[in-house]
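Colleague: Here it is, the structure, as structure tokens.
The values are calculated or read from the model by the stated rules, or taken from the named source; none is laboratory data. These figures come from a predicted structure and were not determined experimentally. Because the Cβ atoms are built from the backbone with ideal geometry, glycine has one as well, and the counts that use them run over all protein chains shown.
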Amino acid sequence: MKILFTKNIDPSVISGELGEDILVDCVEVIKTNPIKVNPFDLRDCSLIFTSVNGVDAFFKNHFKPNENFTSKNYNKIYCVGEKTKREIRKHGFGTFKVLKNADTLSRFIIDNCQHEKFLHFCGNIALDVLDHNLPLQNIKYKKITVYNTEELNPLITEKYHAAVFFSPSGVRSFAKQNSFGDMTLYSIGETTTDELKKYTSKPVLTSHGNTLASILELMRKQLKKT
């Protein structure tokens, strides 16, 4: 069986989970680049991160959250996904709330955080779920673009039994020059699956978590059935 991963991943990690008899190709379909942003005072704001790239670019721009919980001006940090949470912790900061996707984060904020002011550090093509839902509820929200995502649109001529997708932008990039054909489709999380369904009526196998470990676990279980 040949599987396409639309992201560069250590082959030893994949073979360790799926077995040595699985042939794997990794093709990058997007790339990200941090944007230079002059840091500013974050006082009285809660911070939102929906990707590892957003966290990385935030700290590369030398922003400094206030995590002094005895101060009324400390920054609550909300994030999407365990991977994003771990990236925040690498920089020495904790998270106030971790949700599985932008939609559930949006609902949590609307139900529980009406009086907070939010800054969302994200990419240039971030999903508009928060941008759309929060202002409708009169919640103060602003996007701060700290990195750019470029769709590479590779033409892939090799045939694969399955393909694995990691982001909505990765799906769009792949779909520009390729069809989904008869491949089994794997997706990391519901937002990526929603994007795949715009291009194909094929069923999509979706991991419960937004991590590499969760998608590999799903694939391992599925491959045992075949």
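Colleague: Assuming Asp194 fulfils every condition listed in (1) out of contact with any strand residue (DSSP E or B) (no Cβ under 8 Å at 6 or more places or on another chain); (2) in a helix (DSSP H, G or I); (3) more than 17 Å from Lys100 (Cβ to Cβ) apart from one, which condition is it?
Modeller: (3)
Colleague: Quick check: is even one residue across region 31-52 touching a Cys at 6+ places or on another chain (Cβ under 9 Å) and at pLDDT below 90?
Modeller: No.
Colleague: Which of the residues that make up region 21-77 are under 17 Å from Gly123 (Cα atoms) and in a strand (DSSP E or B)?
Modeller: Correct list: Ile30, Lys31, Thr32, Asn33, Pro34, Leu47, Ile48, Phe49.
Colleague: Let me ask you something else. Going through Cys26, Cys79 one at a time, which residue ends up being at pLDDT 95 or above and more than 30 Å from Leu155 (Cβ to Cβ)?
Modeller: Numbers: Cys26 fails: more than 30 Å from Leu155 (Cβ to Cβ).
Among Cys26, Cys79, only Cys79 is at pLDDT 95 or above and more than 30 Å from Leu155 (Cβ to Cβ).
Colleague: Would you mention how many residues in region 179-219 are under 19 Å from Val24 (Cβ atoms) and over 22 Å from the mean Cα position of the chain (by Cα)?
Modeller: Adding up the residues that qualify gives 3.
Colleague: So, one more: Within region 93-111, is there a residue that is assigned to a loop (DSSP other than H, G, I, E, B), under 16 Å from the mean Cα position of the chain (by Cα) and in contact (Cβ under 8 Å) with a residue 60 or more places away in the chain? So that I can check it myself, show each step before the final result.
Modeller: If we filter region 93-111 for residues that are assigned to a loop (DSSP other than H, G, I, E, B), which is where we start, we get 93-96, 100-101.
Filter once more, keeping what is under 16 Å from the mean Cα position of the chain (by Cα): 100-101.
Within this subset, residues satisfying the condition of being in contact (Cβ under 8 Å) with a residue 60 or more places away in the chain are 100-101.
The answer is yes, given that some residue of region 93-111 is assigned to a loop (DSSP other than H, G, I, E, B), under 16 Å from the mean Cα position of the chain (by Cα) and in contact (Cβ under 8 Å) with a residue 60 or more places away in the chain.
Colleague: Next up: Does Thr184 count as free of Cβ contacts under 8 Å to residues at least 24 places away in the same chain, touching a strand residue (DSSP E or B) at 6+ places or on another chain (Cβ under 7 Å) and among the β-branched types (Val, Ile, Thr)? If you could, list the steps in order and put the result at the bottom.
Modeller: Details: free of Cβ contacts under 8 Å to residues at least 24 places away in the same chain: no; touching a strand residue (DSSP E or B) at 6+ places or on another chain (Cβ under 7 Å): yes; among the β-branched types (Val, Ile, Thr): yes.
No, not satisfied.
Colleague: To continue, here is another question. Can you tell me which of (1) in contact (Cβ under 8 Å) with a residue 60 or more places away in the chain; (2) assigned by TED's automatic domain parsing to the domain that holds Arg107 is the one Ile139 doesn't meet?
Modeller: In the conditions (1) in contact (Cβ under 8 Å) with a residue 60 or more places away in the chain; (2) assigned by TED's automatic domain parsing to the domain that holds Arg107, Ile139 misses (1) alone.
Colleague: I've got another one for you. Is there a residue being modelled with pLDDT of 95 or more, polar (S, T, N, Q) and surrounded by fewer than 20 Cβ atoms within 10 Å (Cβ to Cβ) anywhere in region 164-177?
Modeller: Yes.
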